[in-house]
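Contents: one structure, followed by commentary.
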Amino acid sequence: MLASELLTDTLPVLSLQDPLSKAVNFYLDSAVCHLPVVAEGTLQGILPTDLLINIPDKHQLIGAFRDDFVNAFVFPDQHGLDVFELIAKLSLTSIPVIDDQRNYLGSVITEDLLTRLSNYYSFKHVGGIIVLRLGFRDYNLSEIAHIVSGNNARILMLYLDADEENEQYRLTIKLDTLNLSSIVATFERYKYIVDFYRPTGIEKEELDDKYALLMKLFDL
């Protein structure tokens, strides 16, 4: 699950010439208070509307609040978990997605992301995540399970996403261990393409904190 697959077109894109009232009205209607500001297709930053809602003159142009912009974004090929960690760190209700030229591609809304993550991943269980890319004819669940069990780990969850255009699967595997290095090495030895894996060394307490934050963000 990549940022490019989480894009939404429901957020308004603000310009520097828009009045502050445009952002405030959307915030009051939707509870999304972090909106992208774009000029000539290029991201200028995120307007933190919640911090500006008490400004008396809401006819002021958004460009007047440049110093308050949040400089945060993700790239389309970043994994959903990376997006989640940045959103959680900055307490954002949405985050822009840009290309390497800083062109604005769309936004990921926090509530949508959390819904997808809660469906795909079992956050209550400590463990790591590995994402494999494999051809339609190469999907062999028994071999994958054998590789995992051979490294003294168990599969907690599988999610299979098909890329019809390239005739490939993206297989997300949730495991009961944080020690992923040997498992990744074995997959690579068996010629599997490892698209992503969660870094090792994350303590249970940190994951518990992330789960608590996940639940807190659902109340945004």
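The values are calculated or read from the model by the stated rules, or taken from the named source; none is laboratory data. No experiment lies behind these values; they were computed from the predicted model shown. Heads up, the Cβs are rebuilt from the backbone with ideal geometry, glycines too, and the neighbour counts pull from every protein chain shown.
Looking at region 48-66, which of its residues are farther than 13 Å from Gln17 by Cα and buried (at least 18 other Cβ atoms within 10 Å of the Cβ)? Steps first, answer last, please.
Keep residues of region 48-66 that are farther than 13 Å from Gln17 by Cα, which gives 48-57.
Matches in region 48-66: Pro48, Thr49, Leu52.
I'd like the full set of residues that are assigned to a loop (DSSP other than H, G, I, E, B) and not aliphatic (A, V, I, L, M), limited to region 1-14. Steps first, answer last, please.
At the first step, the residues of region 1-14 found to be assigned to a loop (DSSP other than H, G, I, E, B) are 1, 6-7, 9-13.
Within region 1-14, Asp9, Thr10, Pro12 qualify.
Quick one: Ile87 ticks every box in (1) assigned by TED's automatic domain parsing to the domain that holds Pro48; (2) surrounded by fewer than 18 Cβ atoms within 10 Å (Cβ to Cβ) except a single one, so which number is it?
Only one criterion is unmet by Ile87, namely (2).
Just one of (1) at pLDDT 85 or above; (2) of a type outside the set (Val, Ile, Thr); (3) under 20 Å from Asp82 (Cβ atoms) trips up His146, so point out which.
(3)
A quick yes/no check of all residues on (1) aromatic (Phe, Trp, Tyr); (2) under 27 Å from Val131 (Cβ atoms); (3) not in a helix (DSSP H, G or I):
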| residue | (1), (2), (3) |
| --- | --- |
| Leu16 | no, no, yes |
| Ala23 | no, no, no |
| Gln44 | no, no, yes |
| Asn54 | no, no, yes |
| Asp57 | no, no, yes |
| Lys89 | no, yes, no |
| Val108 | no, yes, yes |
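Within region 145-152, can one find any residue that is among the aliphatic types (A, V, I, L, M), more than 26 Å from Arg116 (Cα to Cα) and in contact (Cβ under 8 Å) with a residue 40 or more places away in the chain?
Of all residues in region 145-152, those among the aliphatic types (A, V, I, L, M) come to 145, 147-148.
Going one step further and asking which of them are more than 26 Å from Arg116 (Cα to Cα), we end up with 147.
Then keep just the ones that are in contact (Cβ under 8 Å) with a residue 40 or more places away in the chain; that gives 147.
Yes: region 145-152 contains one or more residues that are among the aliphatic types (A, V, I, L, M), more than 26 Å from Arg116 (Cα to Cα) and in contact (Cβ under 8 Å) with a residue 40 or more places away in the chain.
Against the condition farther than 24 Å from Tyr159 by Cβ and surrounded by fewer than 16 Cβ atoms within 10 Å (Cβ to Cβ), how does Asp29 come out, does it pass?
Numbers: farther than 24 Å from Tyr159 by Cβ: yes; surrounded by fewer than 16 Cβ atoms within 10 Å (Cβ to Cβ): yes.
The answer is yes for Asp29.
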